[in-house]
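Reading through the structure tokens given below for one structure.
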Amino acid sequence: MKRICLISHGQPSRNPRLIRDANCLSSAGYDVTVLTPRILKLWVKYDDEIVNNAKWKYVYLDYVDQPLGRLYWQYVRVRKRINQVIAPYFTSEYVVANSVEYLNQELFIKASKIKADIYIAHQQQALPAAAWAATKNNGKFAVDIHDLLADCSSEPVYLIKYIENRYLQECAYVSTMSTAAAQRIKEINHLSTTPIVRYNTQRIEDRQSILHPSQRQCAETLSIYWFGQTIGSHSRADQVLKAIPLLDKSVKLVLRGNTNTEFTNYLISLAKELNISHCLEIKPIASPSDMVSLAANHDILLGSQPGKELFHQMAIGNKVFTGMMAGLALALTDTIAHRQFLQENPGCGFLFPDQDEVALAELLNNILIDKNILEDMKVYSWNLAERFFNCEKECDLFVNTISSII
């Protein structure tokens, strides 16, 4: 049996692409081990929920429950700061690896004890650990790029570029989340082949208990839904709130995630100022396994990618495909990737300009005037998810890729 090790700096419940890959490969008969640190106690219960039902093995570096682990974590934080100071003047694999993330060295040591035919890094920051382990154990390595970090001003761009330049050419494969992102990665890294596009899709079985959109009762108040790990300005919730008073019919905005206190207070204050406090609902995070069923309680999925940076312009998040699997219409910020996606899959949603509440209100009013438009979008989303955009289809592509390599 071929052995595969997936490596990530993020815990399983915060990394849907990691879990999707682990489930896919283990179901296909591979011996799969997932390796991550365990740093955030908040997410441990969700990690355990996922792992308890998994066919793959989970190995983690414990910095939550072990006293020595918590003490070592403080050392790791200091080490990262020191390496970040050194990196601009002395760039080496070791310095970069310890500057770009906390635990590449520790992940490598643990991964090197896990014999595998291929080590797959999830995100660029995990590439050093995957590459080093592969070299030590005579295996191959690959990477799944979730985000265009080299095009994000809030990231250490020069470190990400160093990692991409150092390792991508040697990867057995590179994959990412959109066609636009794949072309960008190929272009800036001078790759001979285009990275594989693997969308952030959901499983068809996750909607078994959900009614088809045409069978659902139409609520008097249309519900716009956004979810994420943290409710922040990137949600563009403020833009939606500012649009609501301009609408011809009743609409509410429902947000799910951990609260950023400053931004959440701003939203509450804004809703009060606009006299629409009753139109804003804020809900806590929930289990990743419930995302599709929870989304099905709403009408429109808000897929926001704010700003002009390519980091956002070329991304398509898991929200989009969760909404499709749940049978929701898609309201997507007008970005390169979203525009391309809706051109290829017309009828399931609409684009709206970023930070323009008047234009958003006009688009929503077009839907509110004729409920058939909204219902058609919901059904089309549902059908597209069933035919093309689901984990099962993505898994077939992924397994074919892996089987051609090992």
Problem set entry | Residues of the stretch 132-154 classified as touching a residue at least 12 places away in the same chain (Cβ under 8 Å) and within 23 Å of the chain's Cα centre (by Cα), total | 13
Exercise. How many of the residues making up the stretch 366-375 are crowded, with 16+ Cβ neighbours inside 10 Å and at pLDDT 95 or above?
Worked result: 2
Problem set entry | Residues within the stretch 77-101 that are under 30 Å from residue 20 (Cβ atoms) and surrounded by 19 or more Cβ atoms within 10 Å (Cβ to Cβ), tallied | 6
Problem set entry | Which listed residue, of 303, 307, 349, 323, is buried (at least 24 other Cβ atoms within 10 Å of the Cβ), farther than 23 Å from residue 15 by Cβ and not aromatic (Phe, Trp, Tyr) | 349
Exercise. Would the stretch 236-246 turn up any residue that is in contact (Cβ under 8 Å) with a residue 24 or more places away in the chain, crowded, with 16+ Cβ neighbours inside 10 Å and closer than 30 Å to residue 395 by Cβ?
Worked result: no
Seminar exercise, completed: The helices (runs of 4 or more DSSP H) lying wholly within the stretch 111-219 that contain at least 3 residues that are of a type in the set (Val, Ile, Thr) are 157-167, 179-189
Exercise. Within the bounds of the stretch 53-71, is there any residue that is in contact (Cβ under 8 Å) with a residue 60 or more places away in the chain and either part of a loop (DSSP other than H, G, I, E, B) or not assigned by TED's automatic domain parsing to the domain that holds residue 165 (or both)?
Worked result: no
Exercise. Can you list the helices (runs of 4 or more DSSP H) found entirely within the stretch 237-350 that contain at least 3 residues being in contact with a strand residue (DSSP E or B) (Cβ under 7 Å, 6 or more places away or on another chain) and farther than 23 Å from residue 373 by Cα?
Worked result: 261-273
For this session: Scan the stretch 220-231 residue by residue and report those that are outside any loop (DSSP other than H, G, I, E, B), modelled with pLDDT under 95 and over 17 Å from the mean Cα position of the chain (by Cα).
Result: none
Exercise. In the set 127, 168, which member is surrounded by fewer than 22 Cβ atoms within 10 Å (Cβ to Cβ) and in contact with a helix residue (DSSP H, G or I) (Cβ under 6 Å, 6 or more places away or on another chain)?
Worked result: 168
Exercise. Looking at this structure, is residue 379 outside the structural domain of residue 28 (by TED's automatic domain parsing), in a helix (DSSP H, G or I), surrounded by fewer than 16 Cβ atoms within 10 Å (Cβ to Cβ) and in contact (Cβ under 8 Å) with a residue 12 or more places away in the chain?
Worked result: no
For this session: Mind listing just one residue for me: the one in the stretch 19-46 that is in contact with a strand residue (DSSP E or B) (Cβ under 7 Å, 6 or more places away or on another chain) and charged (D, E, K, R) and, of those, farthest from residue 287 (Cα to Cα)?
Result: 31
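The values are calculated or read from the model by the stated rules, or taken from the named source; none is laboratory data. Quick caveat: nothing in here was measured; it's all calculated off a predicted structure. Please note: Cβ atoms are built from the backbone with ideal geometry, for glycine as well, and neighbour counts cover all protein chains shown.
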